[in-house]
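Here the structure comes first, spelled out in structure tokens, and everything after it is commentary.
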Amino acid sequence: MSSTTARRPARERLLDAAEGLFYEHGIAATGVDAVLRRAEVAPATLYAHFAGKDGLVAAYLQRRHERWREAWDAALARCGDDADARVLAVFDALARFPAEPGARGCAFLAASVEVVSPEHPAHRWLVEDTRLLVDRLHELSAATGAADPAALAAELLALYDGALAARARRAVTAGAQPALPPVRDLAAAAVARHRADEPGAGG
């Protein structure tokens, strides 16, 4: 066992291993043995902390959700009271959020293809991820003075999902796809357009 690995608690090593393997290769394609080998722990350790693979999947998504929310919170804190900057902060957070080699886009959308039962312990975190995005983008959109905050929020969510899909496509094509305009610029244009569409706006 390496000294670096030994310094981290077994639970964290398991989560680190699970995140790397589940995100890069998929949940179903990753067996428990592969996680145990990467984490350098015995099977009993995994079952003591997570009671099986399903529990480990749930904990991996919970930790990723919390880390993403913290990154978004930090981006919002840097914006102060600027409503336009705040609604665009999701893209600032995404730009700073680490993308692993072989990125498969959104970890939650990728997991939702494999975790289909509402009874699965990980399902809660798929719901929480969507709820955070939808509710917060709607609240932030309303603060910009958009004529239809729900429509702006839906457009921003589509741009967010598209940015993550582009990450996955770049990983597949090794950067061979044509360059696209920065997604934050597209989002800023959407914010301005939705405010200009407000009744009575313009000359």
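Odds and ends about this structure:
- FRET efficiency, 1/(1 + (r/R0)^6) with R0 25 Å, evaluated for ASP161 and GLU12 via beta carbons: 0.25
- Residue-normalised accessible area of the chain, expressed per residue, 1.4 Å probe, Å²: 52 Å²
- Residue separation of ALA48 and LEU132 scaled by 0.36 nm, minus their Cα-Cα distance, works out to 27.2 nm of gained length.
- Computed on the Cα trace of the chain, the radius of gyration divided by the Kirkwood hydrodynamic radius gives Rg/Rh = 1.04.
- Figure note: ASP129, ASP81, ASP185 ranked by solvent-accessible area, largest first, 1.4 Å probe, ligands and nucleic acids not counted: ASP81, ASP185, ASP129.
- Carbon and sulfur %, accessible surface of the chain computed with the full protein complex present, 1.4 Å: 55 percent
- Each label point was placed 7 Å from the Cα along the Cα-to-Cβ direction; for VAL113 and GLU40 their separation is 3.3 nm.
- FRET efficiency estimate (nearest 0.05) - Cβ-Cβ, GLU24 to THR173, R0 22 angstrom: 0.85
- Across all Cα atoms of region 5-90, the radius of gyration (one decimal) and Dmax (whole number) stand at 16.6, 51 Å.
The values are calculated or read from the model by the stated rules, or taken from the named source; none is laboratory data. In this text, all values refer to a predicted model and were calculated from it rather than measured experimentally. Counting neighbours? That spans all protein chains shown, and the Cβs are built from the backbone with ideal geometry, glycine included. Just the protein is used for accessible areas: all its heavy atoms, side chains included, with ligands, DNA and RNA removed. Shrake-Rupley method; radii C 1.70, N 1.55, O 1.52, S 1.80 Å.
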